[in-house]
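Undergrad: Please find one structure pasted underneath; my questions will follow.
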Amino acid sequence: MSTEQDKEIARRRTFAIISHPDAGKTTLTEKLLLYGGAIHLAGSVKARRAKRYATSDWMAIEKERGISVTSSVLQFFYRDHAVNLLDTPGHQDFSEDTYRTLAAADAAVMLIDAAKGVEPQTIKLFKVCRLRGIPIFTFANKLDRYGRSPLELMDELEKVLGIRAYPMNWPIGSGPEFRGVYDRRTRNVHVFEAQGRHGASEVDEKIVPLESEAIKEVLSESELEALNQDIELLDIGGDEFSLDKVLSGQLSPMFFGSAMTNFGVRPFLDAFLELAPPPSGRPSSDGFVEPAKETFSGFVFKIQANMDPAHRDRIAFLRVVSGHYVKGMNAFHTRLGKEIRLAKPTQFMASERTSIEDAWPGDVIGLFDPGVFRIGDTLLEKGKYDFECVPRFSPEHFAIIRTKDPLRRKQMEKGLEQLAEEGTIQIFQQLQMGMKDPIVGVVGQLQFEVLQYRMQHEYGADIIVDKLGYSIARWVVAEKFDAKAFDWEGNRQTVTDRDGLPLVLFRDEWALQHAQDKHPEYTFQAHAPQLKASSVIASVG
Ligand code: G4P
């Protein structure tokens with residue numbers, strides 16, 4: 001291995017922020033970019049949102065509902081680190097993309113609103129991270145408001161998520177009295193100076209050792225007393241710090257702060273970059289591929305259309321697993337069985353695209369996609385193997401799709417096919433005679449709106465979405481399965497996927513359980529049987 005590759009791997013960190021809407025992900029992202037020097041003056045969240053709308057008006061839904069449907073990958077440099085932040089769509093109804101992005105991350109930052117604690121979307125995303133066994137860091141946000149106590153939050157993490165937390169630092173005060181944090185490793189107190197303008201620039205910070213005379217000048221007697229009591233409690237009753245447990249996702253290093261005022265952002269970033277692992281390899285059909293492997297390899301984890309109206313093309317997001325990517329290189333596309341040129345690579349800096357010259361393990365590059373990529377595709381400089389790391393998630397919402405104008409059926413079919421390749425939807429066929437209209441399955445409800453909008457604007461097909469009452473999809477594995485005989489039981493329906501494999505859509509858990517009890521000879525599984533179990537994460541709903 002070249003020493004340059006060694007160095008580039010060691011300094012990289014690739015992670016995603018997982019959170020429930022409104023916990024402050026946009027704000028924290030902006031602040032991390034501020035500290036990383038990617039933006040010099042972080043505008044207020046509102047200003048940033050307004051700007052974002054201007055550049056991503058390809059979807060009016062986004063504007064109307066005030067949510068971000070698209071997501072991006074940001075790279076910034078901080079001290080000697082190259083940091084890749086994978087942005088997960090964070091609205092109420094997320095898509096499979098949100099889950100799949102986690103397949104490309106090596107660590108996750110779980111952001112929680114200190115007043116609200118662990119919320120539903122965080123739980124779903126946490127489960128995906130858990131299954132992958134990646135380290136999960138916790139940032140308790142909005143300490144500038146009164147919220148739950150730090151101990152309550154730690155307790156909730158354990159009760160709701162089943163993970164123990166190790167507070168790396170400890171807040172001094174909360175709400176308007178939130179003064180700073182105590183760093184448990186250095187035994188220093190970081191006191192922050194409040195400044196106006198929504199934390200538009202880096203916060204002033206005074207670092208004072210707890211065991212110094214000077215501490216009495218920055219903290220009042222009561223603040224000091226409360227802090228000393230808390231520290232004693234943690235030191236006696238808390239967990240021991242174990243980097244092994246952190247790296248295997250069993251212990252979550254926890255931080256406290258306020259993304260809005262920047263309090264605690266730098267101490268978090270410093271510790272995170274130190275503790276989070278450098279890019280890890282990925283399992284493949286030819287064994288585990290280490291990042292240090294000399295030849296370039298990577299996999300496509302996301303495909304996105306029309307992110308920017310100025311570039312009406314599709315972008316395939318590729319996570320580099322090993323080797324060195326150099327602009328203009330050729331790679332073997334294993335699914336197509338041919339060599340292709342990796343054209344127009346881009347990297348994403350805030351909302352602008354920049355062309356890149358090279359990339360290392362852990363980096364994500366955007367490849368211009370004229371329609372040759374699918375989610376999960378493997379690209380290799382040398383050899384023939386496939387990565388097994390992008391799962392297909394079992395959809396939870398289903399609808400029959402029809403065209404308003406029967407003459408536009410071809411356009412509708414083409415559109416559905418392409419969106420299925422992008423991984424936005426899954427398409428199923430009904431079995432009964434004469435029932436030609438496809439059923440579409442999605443992970444989040446909003447995808448139906450996205451589908452309707454895109455079918456109309458990109459494919460000129462006005463569609464009708466007839467929602468169905470099913471909430472669970474299970475592929476059937478059996479020696480012999482009579483799909484037609486199993487069809488239509490009121491609370492379930494048998495369909496086939498694009499590969500012709502049978503699966504059953506169930507109304508609810510009860511219907512699934514009932515079918516399972518009556519037919520122990522069938523196995524109902526949350527992923528398609530031809531996919532290797534190791535590569536698939538079952539339904540996380
Ligand atoms: P999201 O991406 O996770 O959905 O959250 P976002 O950053 O958009 O933040 C949601 C709201 O929470 C915003 O308020 C934001 O200003 C606020 N917020 C984020 N971090 C903090 C924090 O540390 N402390 C406090 N007090 N508030 C925080 P908003 O009213 O929706 O927008 P705005 O008017 O503040 O821009």
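The values are calculated or read from the model by the stated rules, or taken from the named source; none is laboratory data. As the structure is a prediction and not an experimental result, all values here were calculated from the model. All Cβ positions, glycine included, derive from the backbone under ideal geometry; neighbour counts span all protein chains shown. With ligands, DNA and RNA removed, areas are computed over all heavy atoms of the protein, side chains included. Shrake-Rupley method; radii C 1.70, N 1.55, O 1.52, S 1.80 Å.
Undergrad: Take residues that are farther than 23 Å from residue 371 by Cβ and open to solvent by 20 Å² or more (accessible area, probe 1.4 Å) and tell me which of the strands (runs of 3 or more DSSP E) falling wholly in the range 382-467 contain 2 or more.
TA: Values: elements: 397-403, 426-430, 439-442, 463-467.
Because the criterion is at least 2 residues that are farther than 23 Å from residue 371 by Cβ and open to solvent by 20 Å² or more (accessible area, probe 1.4 Å), the strands (runs of 3 or more DSSP E) in the range 382-467 that meet it are 397-403, 463-467.
Undergrad: Here are the criteria: (1) assigned to a loop (DSSP other than H, G, I, E, B); (2) in contact with an Asp or Glu (Cβ under 8 Å, 6 or more places away or on another chain); (3) over 25 Å from residue 443 (Cβ atoms). Tell me which single one residue 134 does not satisfy.
TA: Result: residue 134 passes all but (3).
Undergrad: Let me ask something else about it. Residue 62 fails exactly one of the following numbered conditions: (1) acidic (Asp, Glu); (2) within 15 Å of the ligand (Cβ to nearest atom); (3) modelled with pLDDT of 65 or more. What is the number of that condition?
TA: Every condition holds for residue 62 apart from (3).
Undergrad: Next up: Output the number of residues of the range 106-136 satisfying the condition of being more than 14 Å from the ligand (Cβ to nearest atom), within 14 Å of the chain's Cα centre (by Cα) and open to solvent by less than 40 Å² (accessible area, probe 1.4 Å).
TA: 9
Undergrad: Can you name every one of the strands (runs of 3 or more DSSP E) wholly within the range 194-292 that holds 2 or more residues which are farther than 28 Å from residue 9 by Cα and at pLDDT below 95?
TA: Strands (runs of 3 or more DSSP E) meeting the threshold: 204-209.
Undergrad: Just to be sure, is residue 297 away from the ligand (no atom under 16 Å from the Cβ), open to solvent by 10 Å² or more (accessible area, probe 1.4 Å), out of contact with any helix residue (DSSP H, G or I) (no Cβ under 9 Å at 6 or more places or on another chain) and of a type in the set (Ser, Thr, Tyr)? Full working, then the answer.
TA: Values: away from the ligand (no atom under 16 Å from the Cβ): yes; open to solvent by 10 Å² or more (accessible area, probe 1.4 Å): no; out of contact with any helix residue (DSSP H, G or I) (no Cβ under 9 Å at 6 or more places or on another chain): yes; of a type in the set (Ser, Thr, Tyr): yes.
Criteria not met by residue 297.
Undergrad: Hey, can you tell me all the residues within the range 2-35 that are near the ligand (Cβ under 8 Å from one of its atoms) and part of a helix (DSSP H, G or I)?
TA: Here is the first cut: in the range 2-35, the ones near the ligand (Cβ under 8 Å from one of its atoms) are 19-30.
Of everything in the range 2-35, those that are near the ligand (Cβ under 8 Å from one of its atoms) and part of a helix (DSSP H, G or I) turn out to be 25, 26, 27, 28, 29, 30.
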